[in-house]
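Written below as structure tokens is the structure these notes are about.
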Amino acid sequence: PIHILSPSGTVVGTLAMGRSVVTAVEPDVSRQHARVWFEDGRWLCEGLGSTNGTTVIQGKNKQVLSIEPPRKARAPKTTYPPQEIHEGDILCFGKNTQYLVMRVTPRS
């Protein structure tokens, strides 16, 4: 499915609540897994303390970057800043939920 993201923020998770949420995820995604929003001319994604982590597969070179590692792999007292995402990237929530980042032009 296509999910239109809110520039002010969209939360991804199994029990995400609010005006802009994505709940079409697999069971290994946490209740409030990650947040995606638009700021200063760019889209950002940050983990929200999920159990199974969030990664991005960059569309330009297929490099896998960790947005937030799985809980077991996190360094103590370490914060993970938001990461910029781009059209063509694939956001991976947990191990089994992936979404392609793409620009959608509204129909007139």
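Listed by position, the strands (runs of 3 or more DSSP E) contained in region 58-108 that have at least 3 residues being open to solvent by less than 60 Å² (accessible area, probe 1.4 Å) and either of a type in the set (Phe, Trp, Tyr) or under 15 Å from GLY47 (Cα atoms) (or both) are 64-68, 90-93.
Determine, yes or no, whether ILE90 is in contact with an Asp or Glu (Cβ under 8 Å, 6 or more places away or on another chain) and among the hydrophobic types (A, V, I, L, M, F, W, C). No, not satisfied. Scanning region 65-97 for residues that are free of Cβ contacts under 8 Å to residues at least 24 places away in the same chain and at negative phi returns LEU65, SER66, PRO69, PRO70, ARG71, LYS72, ALA73, ARG74, ALA75, PRO76, THR78, THR79. Counting the residues of region 24-48 that are closer than 17 Å to ILE90 by Cα, open to solvent by 60 Å² or more (accessible area, probe 1.4 Å) and in a loop (DSSP other than H, G, I, E, B) gives 1. The number of residues in region 24-38 being in contact with a Leu (Cβ under 9 Å, 6 or more places away or on another chain) and either closer than 15 Å to HIS3 by Cα or not small (Gly, Ala, Ser) (or both) comes to 8.
The values are calculated or read from the model by the stated rules, or taken from the named source; none is laboratory data. The model shown is predicted, which means the values in this text are computed figures rather than measured ones. A quick note on method: Cβ atoms are made from the backbone with ideal geometry, for glycine too, and the neighbour counts reach across all protein chains shown. Surface accessibility is based on the protein's heavy atoms, side chains included, excluding ligands, DNA and RNA. Shrake-Rupley method; radii C 1.70, N 1.55, O 1.52, S 1.80 Å.
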